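Below: the structure, in structure tokens.
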Amino acid sequence: MTGKIPKEFIQSLLLRCDIVDIIDSRVPLKRTGHNYVACCPFHQEKTPSFSVSPNKQFYHCFGCGEHGNAISFIMNYDRLNFVETIKLLADQLGMPLPLENKYPDLTKQHPDLYEVMAKACLFYQNELSQNTKAKDYLLHRGVAEKIKQTYLLGYAPDSWDGLLKFFKHKAFDIAPLEKCGLIKNNKNQHFYDVFRDRIIFPIRDKKGRVVGFGGRIIHEGEPKYLNSPETVIFHKSSEVYGLYEALQAHRHLDDALIVEGYMDVITLAQYGFTQAMACMGTAITQSHLSRILTYTQTITFCFDGDNAGKKAAWRAIENLLPLLKDGLTAKFIFLPEGQDPDTFLKTQGKESFKNLMDNATVFSQFFWDEMTKNNKALTIEEKAKLQTTVMPLLNQIQPCHVKTMMLQTLEKLTGIKERSQPSSEISKQAPQRKGISPMRTAIGLLLQYPELAYLLQDHSILQLKLAGMELLNELLKNIQTNPNCNTATLMEAYRDHAHFELLNQLAVVDFFTSDIETHQLFKDVLSKIEDSYYHTIEEKLFLKLRQGNISIKEKEIFLNLQKLKQHLLLEDDKHALLHELENLN
Ligand SMILES: [Zn+2]
């Protein structure tokens, strides 16, 4: 979608809005020096570590690492998608969205299907209020009226055409019912209701629209649970039951409690655990997890204590590995065998469950317990097996402190020193100047202080064949064509870029410089890049010289590099040298 709204429009939007106003209207800001601060709206804290720079039009939280421009802030805070955010900003600034009708509003697609689902939901709710058997069942399970309302619980009548008749009676079109997976066609080309004699759990998307249903049989029968099939508006692999309701109950979702079924979510909510959610009849997928992690950084998984529960927990771990980062906490609760949250809460009470949550096993502990089967005295064979099993798993974790420590633990267990993946990526949580390569420093400085571009113009460094040079050149061109740019508008141009995250991190690195020092630092970094480039080639040629396999041309280059170092090379010769280096292997 991002590509479809003209980039120029987005850039001018960012130049006209003020991030300070935008954030201040949602999270009151306090001025300190050049910047504004507040307690971070994206994590819990008592002292402010959330900082907004009016110059850069960028925000950054030193506590949780969240950062971005006005668009990113609105997307994260108002929970809007990109197009919705652009529309909101454009509206506020009175700038009409160019060629708006060319951008299909995803939210307005399939209006008929959403409407059908909403009508069906009302029908089921109404049926529940009139059906003694269903009401008794929920009463017996201890479901209060308020919870019924919050989760829009309903009942599908014990009839082949209850829903069909309702739609026909109201003269609603029944064709979309099939598309929604609510009716099916039998051999005789007769339609019949899919959900019959079941408690209905409506599944809502993040906007609160009903996109699917889960149905539980009231007494005996198969299958115990029945879910809506995949439809154009319902995707089981990413929709999370209870997420919408949890977000309604909590402005900031401190944690998500992931359980197995609809009834678990309902019972937990009944006991005040309104952060409970569940996947629908499938094991948790990576897209479920990413969706949940958009709203909270703490996930507690609740499983049965039997083998199936352990297996499910392990599957969750496998899906979680690529998403792990510092600041994310994943925990596991295992209920006593044969119990689910419902039976546990009813027999042991709320406090006991709270206690389980407080003492949940953290991810790393569960991981190593499972991998070593609690056996710390491993034989050589076991150590070798552990190494080969664990390494591929750990390699899935992105570079972060957790990964480093997991690798250290493995090393301690097996005694094998294996070089981890290059950890050159900068941790999102701790942007530090230390340890950033000169090239990244140059890119970071240019992003934060675009006015430095004049120092780079026609600089000989731009021709060097070096990692990151392409990005630096591109950034420079970007600044030259948009003289009014700031960090926010520059970053926006990279939203769909492969290096967006890296650039975002460089945009918030604190270089601890005053304005004057910034210019000097930039100059120094450029020379450092140049020097180390020459130095590498010089070393290579020196080795060839010693081994006696240097060509005449290479020897000439080597001598010129020596001269360059002593500042004895004329400007023209320097250009010639650079040209020769380009062709050198
Ligand atoms: Zn924060």
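Some points to look at:
- Rounded to the nearest 20 debye, dipole of the chain from Cβ charges on Lys, Arg, Asp, Glu: 760 debye
- Amide H within-cut-off set for Glu66, under 5 Å, with H built and near neighbours excluded: Cys61
- Once the Cβ-Cβ distance of Asn395 and Ile174 is raised to the sixth power relative to R0 = 56 Å, the FRET efficiency obtained is 0.60.
- The range 173-229 shape via C-alpha gyration tensor axes, a/c threshold 1.5: oblate
- For the range 447-552, taking Cα atoms only, Rg and Dmax work out to 17.1, 55 Å respectively.
- Calculated [θ] (222 nm, deg cm²/dmol) that DSSP helices of n ≥ 4 give over the chain, each run adding -39,500 (n - 2.57): -14500 deg cm²/dmol
- Partner aspartates and glutamates whose Cα lies under 15 Å from the Cα of Lys555, excluding those fewer than 8 positions away in the same chain, are identified as Glu538, Glu539, Glu580.
- Kirkwood Rh in Å, taken over all unlike Cα pairs in the range 126-177: 12.4 Å
- Here, P(r) means the percent of Cα pairs in each 5 Å bin from 0 to the largest distance; for the range 276-351 it is 3, 14, 25, 24, 16, 12, 5, 0.
- Stretched out straight at 0.36 nm per residue, the stretch from Tyr225 to Ala144 would grow longer than its current Cα-Cα span by 27.0 nm.
- Distance violations [Cα-Cα > 24 Å] among Lys385/Lys412; Lys236/Lys354; Lys146/Lys179; Lys523/Lys553; Lys7/Lys477; Lys135/Lys331: Lys236/Lys354; Lys146/Lys179; Lys523/Lys553; Lys135/Lys331
- Label point distance in nm, Leu328-Ile380, each placed 7 Å from Cα along Cα→Cβ: 3.8 nm
- Diffusion constant of the range 184-297 at 20 °C, which comes from Stokes-Einstein with the Kirkwood Cα-pair radius and 1.002 mPa s, µm²/s: 143 µm²/s
- With the largest listed first and rounded to whole Å, the semi-axes of the equivalent ellipsoid of the range 21-95 from the Cα gyration tensor are 22, 14, 10.
- Sites Leu543 and Lys373 - FRET efficiency at Förster radius 56 Å, r taken between beta-carbons, to 0.05: 0.65
- Gain in span if fully extended, Thr282 to Ile217, counting 0.36 nm per residue against the direct Cα distance: 21.6 nm
- For the pair Lys311 and Gln463, a Förster radius of 45 Å applied to the C-beta separation gives a FRET efficiency near 0.20, rounded to the nearest 0.05.
- Built from the Cα atoms of the chain, the convex hull projects on average onto 36.6 nm², one quarter of its surface area.
- Span-like helix check, the chain: qualifying full DSSP H segments, with Cα axial length of 30 Å or more and mean Kyte-Doolittle of -1.0 or more, are 515-547.
- As a proxy for reagent exposure, ranking Val390, Val525 by other Cβ atoms within 10 Å from fewest up yields Val390, Val525.
- With 10 Å bins from 0: P(r) over the range 200-244, alpha-carbon pairs, percent: 29, 50, 20, 2
- Per-residue HN-Hα couplings for the range 483-494 [Karplus 6.51, -1.76, 1.60; θ = phi - 60°; Hz; x = Gly/Pro]: x, 8, 5, 9, 3, 4, 6, 5, 4, 4, 5, 9
Values quoted throughout were computed directly from the atomic coordinates according to the rules given, and no laboratory measurement underlies them. What you see is a predicted model, and the numbers here were worked out from it, not measured in a lab. In this analysis, Cβ positions are derived from the backbone assuming ideal geometry, glycine residues included, and neighbour counts consider all displayed protein chains.
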